[in-house]
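What follows is one structure encoded as structure tokens, with my remarks underneath.
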Amino acid sequence: MKRLTLLLTGAMMVGVVALAAAGDFHVGTSLVCSDCHVAHYSQSHGATLGGIFTPLGAGGPFNNLLRDDDNKVCLACHNGSSFAPDVFGANGGTTGIRQAGGLNVASGHNLSNDPGYDEINGHTLYSTALPPGHGTSAYTPSADGLRCIDCHAQHGSAAQYRNLLNRGAFTGDTLTYAVGVNDLTKDVYERSAAAYTIDQVDFNEPSPRRSAYGKWCQACHQDFHGQGGDANMGGLAGGVTSTNATPWKRHPTADVNIGESGSSATFISSLSQFASRTNKVKVMDSQGLWTGSSTDNTVTPSCMSCHKAHGNTNGFGLIFMNGTGTVTEQGDGGVYKDLCRQCHSEGA
Ligand code: HEC
Ligand code: HEC
Ligand code: HEC
Ligand code: HEC
Ligand code: HEC
Ligand code: HEC
């Protein structure tokens, strides 16, 4: 959905593409102050000042000299434009299936949700709710509720995947990434710079007992992540026994490979089931193969296996992946149980 008309010249687009090739954005030379800030809450004409011009939001001046409120300053470029990933509702901008999907918005902020992107279907901008599973999390909603900058560093971070925050509630939550050539010691592999689609992004597992992605989400959803054997998770360190003597209490998000303890026991996942799916949900793999073949027995589910980080049109931003058919951000036309049946054989 296009909200604002941007003044964008051909020359500027070339500039944007050249900057994006550096491998990251809103960092180093691609952090252009005037993209988001304005000195006097007044700008009479559309000078780009080295970046991309967006008009000022109504109702200012805004805190921190921003061109619009915390969320709308980001949406000015990230909703319906061709030069930046569209992150709000349906994808009206760039092409391809977005890895993060689309956000929704709470009512009362002069923005309406795209059809299907309802509040129950993923992260809700301006929501003043506490995160489910908050536990001991240090996150408390700002006066504006949930903002992009509660998850992303507005001034960038060259070391962090997607400029995801690693301070405050996220202290120590590094999420490293490799661009172009995979590096199994990094958490994420982006096949090229400016790659935001599911075919372009995959997840490594540098430490087989950990998920850097799950740990990052845990900063707000404290109770939902951990290793096997942790009080909140149940299970055994590194997996469960084939007799299911030490069952999990919450779904594992790290530490246990698909089919690790044999595929015959009740409730245990099946590697061959996962391998047989043509369309697969994302998993972490310390070998960087992501196939689940008999030799690729190192694949592990985490949050991104079941959820879109921003959301989609399914409840909880879940990915309903049957295994065959045309893949969209919702899955491939499957239903809830097809997600489970990516890795479990119950319910044929
Ligand atoms: C003036 C336009 C503009 C504004 C305003 C803007 N962005 Fe961006 N953003 C871009 C462009 C362009 C890209 C890079 C696209 C590419 O890589 O091809 C980008 C990329 C990103 C990325 C991906 C970075 C990476 O390399 O992985 C994130 C995350 C992001 N923006 C978050 C934000 C947030 C949060 C805000 C608000 C604080 C914001 N953006 C405001 C234009 C903008
Ligand atoms: C992608 C958008 C974006 C760009 C580009 C940007 N800022 Fe910001 N900046 C923000 C947002 C959003 C906040 C508000 C943070 C908050 O509310 O906590 C902010 C806050 C600030 C603050 C207040 C202190 C702080 O860090 O929160 C300063 C100072 C600042 N920016 C300076 C700059 C300068 C200088 C540049 C260029 C080198 C720049 N910003 C580029 C979005 C941006
Ligand atoms: C900055 C804090 C924060 C972080 C980090 C965070 N969340 Fe959330 N999350 C929330 C809040 C607040 C809610 C409840 C309001 C809403 O739906 O947005 C929520 C809700 C959700 C929901 C339920 C959505 C619905 O419509 O009912 C899911 C699923 C979810 N988060 C998954 C994740 C995943 C996966 C990650 C990591 C990629 C993550 N969250 C990271 C704050 C956070
Ligand atoms: C609750 C945390 C959270 C909020 C709020 C959030 N993001 Fe994200 N965003 C993420 C995570 C996590 C990823 C990486 C997801 C992945 O790769 O699986 C991401 C990915 C992105 C990307 C890359 C595009 C893609 O499809 O992968 C951009 C650009 C971006 N976010 C911008 C924004 C902007 C702009 C806002 C606000 C309008 C915002 N985000 C709000 C957590 C969040
Ligand atoms: C195996 C699939 C799976 C994995 C992995 C997974 N989730 Fe979920 N999640 C679900 C399902 C299914 C629901 C729907 C409600 C339910 O059954 O709890 C859900 C619901 C949620 C909710 C909403 C709970 C509420 O009270 O509304 C949040 C928040 C959430 N997940 C966060 C996460 C985070 C964070 C991670 C990673 C640490 C994660 N999930 C990993 C399947 C998964
Ligand atoms: C990407 C793969 C994957 C997906 C998708 C998945 N699971 Fe799992 N699940 C696992 C793995 C791995 C384990 C750990 C147990 C094992 O195999 O050793 C597990 C464990 C479980 C257990 C606990 C078994 C026990 O008692 O220890 C249950 C129950 C379960 N999953 C149900 C579900 C449901 C319901 C869904 C769909 C919402 C789902 N799973 C989706 C891989 C997956």
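Within the listed set GLY50, GLY229, GLY102, the residue fluctuating most in the Gaussian network model of the chain (springs between alpha-carbon atoms under 10 angstrom) is GLY50. In terms of other Cβ atoms within 10 Å, THR171, THR313, THR253, THR128 run from fewest to most in the order THR171, THR128, THR313, THR253.
Given R₀ = 56 Å, what would the calculated FRET efficiency be for ASN232 paired with TYR41, taking r from the Cβ atoms and rounding to 0.05? E between ASN232 and TYR41, to the nearest 0.05, is 0.75. Note: the chain, Cα convex hull, 131 Å³ per residue. Dividing the Cα radius of gyration by the Kirkwood radius, what Rg/Rh value follows for segment 214-348? Rounded to two decimals, Rg/Rh equals 0.94. Among residues other than ALA193 whose Cβ falls under 13 Å from its Cβ, what is the net charge (Lys/Arg +1, Asp/Glu -1)? Residues close to ALA193 contribute a combined charge of 0.
When TRP216, TRP290 are sorted by how many other C-beta atoms sit within 10 angstrom of their C-beta, beginning with the fewest, the order is TRP290, TRP216.
Bear in mind these aren't lab numbers, they're just calculated from the coordinates by the rules spelled out. Predicted model only: the values in this text are computed from it and were never measured. Methodologically, a virtual Cβ is constructed for each residue, glycine included, from the backbone with ideal geometry; neighbour enumeration extends over all protein chains shown.
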